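Trainee: This is the structure I have questions about; it appears just below.
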Amino acid sequence: MAFQLPELPYDFAALEPTIDAKTMEIHYGKHHAGYVANLNNAIAGTALEGKKIEDILASVSHHSAAVRNNGGGHYNHSLFWSILAPAGTSNFNDKLNIYKAIMRDFGSLDEFKAQFKAAATGQFGSGWAWLCVDKNDKLFICSTSNQDNPLMDVNSFEGTPVLGIDVWEHAYYLNYQNRRPDYVDAFFNIINWQEVSKRFNDANPGGSMF
Ligand code: MN3
């Protein structure tokens, strides 16, 4: 079964004013759809057909640049749409394991935001900033270039991403032009913390830490 564009769980306009409807329409309907089509073309007739995207990414150093760029693009955008919440519904609260983990590993939400923003604004050119969980259940922040991500076997670190921000200009230029820091600040208002916490729990099958 070929990879497919996942359904968006909200309307294009649902993230306004943080992310405008036109940006969402192009980003989802053109950029992400393009990664899916190009990924399917790149793996058609190869041993990668039918494999899970996570497994493809875990051995991506052995595959073509097309698989790396489009496989990463598909995974990254699928994660991105899922961790965004319609305006006014973002809910960070102490019932969530991700809340407890952020307090434990960063001390406060503000300190997490400061470090995440530094990674997002410090990523030169196109790429992503990530909040990841390592194999000891500890959170850490990192950034990657282009459509690379923490699951790939091309990094100097190992972790499972639970939150990510797309800092390619196509993600914010219509609204923010060159003001990436403003886009990152606004992003914090539309995070779906339930989904982030679910991804955090799923990355730690033991789940006994809290
Ligand atoms: Mn993008």
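Trainee: For His32, only one of the following conditions fails: (1) open to solvent by less than 50 Å² (accessible area, probe 1.4 Å); (2) not in a helix (DSSP H, G or I). What is its number?
Mentor: Condition not satisfied by His32: (2).
Trainee: Identify the single condition in (1) within 16 Å of the ligand (Cβ to nearest atom); (2) in a helix (DSSP H, G or I); (3) aliphatic (A, V, I, L, M) that Ile19 does not satisfy, given that it satisfies every other one.
Mentor: Of everything listed in (1) within 16 Å of the ligand (Cβ to nearest atom); (2) in a helix (DSSP H, G or I); (3) aliphatic (A, V, I, L, M), Ile19 misses just condition (2).
Trainee: Inside segment 163-192, can you point out the residues that are in a helix (DSSP H, G or I) and among the aromatic types (Phe, Trp, Tyr)? Working first, answer last.
Mentor: Pass one, segment 163-192, residues in a helix (DSSP H, G or I): 169-171, 173-176, 180-190.
Tyr173, Tyr176, Tyr183, Phe187, Phe188, listed by residue number.
Trainee: Oh, and also: Identify, by number, the condition in (1) free of Cβ contacts under 8 Å to residues at least 12 places away in the same chain; (2) touching a helix residue (DSSP H, G or I) at 6+ places or on another chain (Cβ under 9 Å) that Glu169 doesn't meet.
Mentor: Tallying (1) free of Cβ contacts under 8 Å to residues at least 12 places away in the same chain; (2) touching a helix residue (DSSP H, G or I) at 6+ places or on another chain (Cβ under 9 Å), Glu169 fails exactly one: (1).
Trainee: Among the residues in segment 177-190, are any without any contact (Cβ under 8 Å) to a residue 24 or more places away in the chain and of a type in the set (Asp, Glu)?
Mentor: Scanning segment 177-190 turns up at least one residue that is without any contact (Cβ under 8 Å) to a residue 24 or more places away in the chain and of a type in the set (Asp, Glu).
Trainee: Also: Residue check, Phe157 against (1) part of a helix (DSSP H, G or I); (2) more than 27 Å from Lys95 (Cα to Cα); (3) open to solvent by 40 Å² or more (accessible area, probe 1.4 Å), all met but one. Which one?
Mentor: Here Phe157 clears every test but (1).
Trainee: What helices (runs of 4 or more DSSP H), lying completely within segment 61-133, carry at least 2 residues that are under 16 Å from the mean Cα position of the chain (by Cα)? Step through it out loud before you land on a result.
Mentor: Working: elements: 65-82, 97-106, 109-122.
Result: 65-82, 109-122.
Trainee: Could you tell me which residue of segment 45-99 is surrounded by the most Cβ atoms within 10 Å (Cβ to Cβ), considering only residues that are of a type in the set (Gly, Ala, Ser) and within 16 Å of the ligand (Cβ to nearest atom)? Spell out the reasoning first.
Mentor: Step one: filter segment 45-99 for residues of a type in the set (Gly, Ala, Ser), giving 45, 47, 50, 58-59, 61, 64-66, 71-73, 78, 82, 85, 87-88, 90.
From what is left, the residues that are within 16 Å of the ligand (Cβ to nearest atom) are 71-73, 78, 82.
Values: Gly71: 30, Gly72: 26, Gly73: 23, Ser78: 17, Ser82: 16.
Going through the qualifying residues, I end up with Gly71.
Trainee: Asp11: of a type in the set (Asp, Glu) and either open to solvent by 50 Å² or more (accessible area, probe 1.4 Å) or within 15 Å of Trp81 (Cβ to Cβ) (or both), yes or no? Before the answer, list the steps.
Mentor: Numbers: of a type in the set (Asp, Glu): yes; either open to solvent by 50 Å² or more (accessible area, probe 1.4 Å) or within 15 Å of Trp81 (Cβ to Cβ) (or both): yes.
Here the answer is yes, as Asp11 does meet what is asked.
Trainee: Quick one: how many residues across segment 118-138 are aliphatic (A, V, I, L, M) and touching a helix residue (DSSP H, G or I) at 6+ places or on another chain (Cβ under 7 Å)?
Mentor: Going residue by residue through segment 118-138, those that are aliphatic (A, V, I, L, M) are 118-120, 129, 131, 133.
Filter again for touching a helix residue (DSSP H, G or I) at 6+ places or on another chain (Cβ under 7 Å), leaving 120, 129, 131, 133.
Count: 4.
Trainee: On to the next question. Take the residues in segment 160-210 that are among the hydroxyl-bearing types (Ser, Thr, Tyr) and open to solvent by less than 30 Å² (accessible area, probe 1.4 Å); name whichever of them is farthest from Leu96 (Cα to Cα). Walk me through it before giving the result.
Mentor: Residues of segment 160-210 that are among the hydroxyl-bearing types (Ser, Thr, Tyr), as a first pass: 160, 172-173, 176, 183, 197, 208.
Among the residues that remain, those that are also open to solvent by less than 30 Å² (accessible area, probe 1.4 Å) are: 172, 176, 183, 197.
Details: Tyr172: 29, Tyr176: 31, Tyr183: 25, Ser197: 6 Å.
Out of the qualifying residues, it is Tyr176.
The values are calculated or read from the model by the stated rules, or taken from the named source; none is laboratory data. Quick caveat, the model's predicted, so the values are computed rather than measured. Cβ coordinates were reconstructed from backbone atoms using ideal geometry, including for glycine residues, and neighbour counts include every protein chain displayed. With ligands, DNA and RNA removed, areas are computed over all heavy atoms of the protein, side chains included. Shrake-Rupley method; radii C 1.70, N 1.55, O 1.52, S 1.80 Å.
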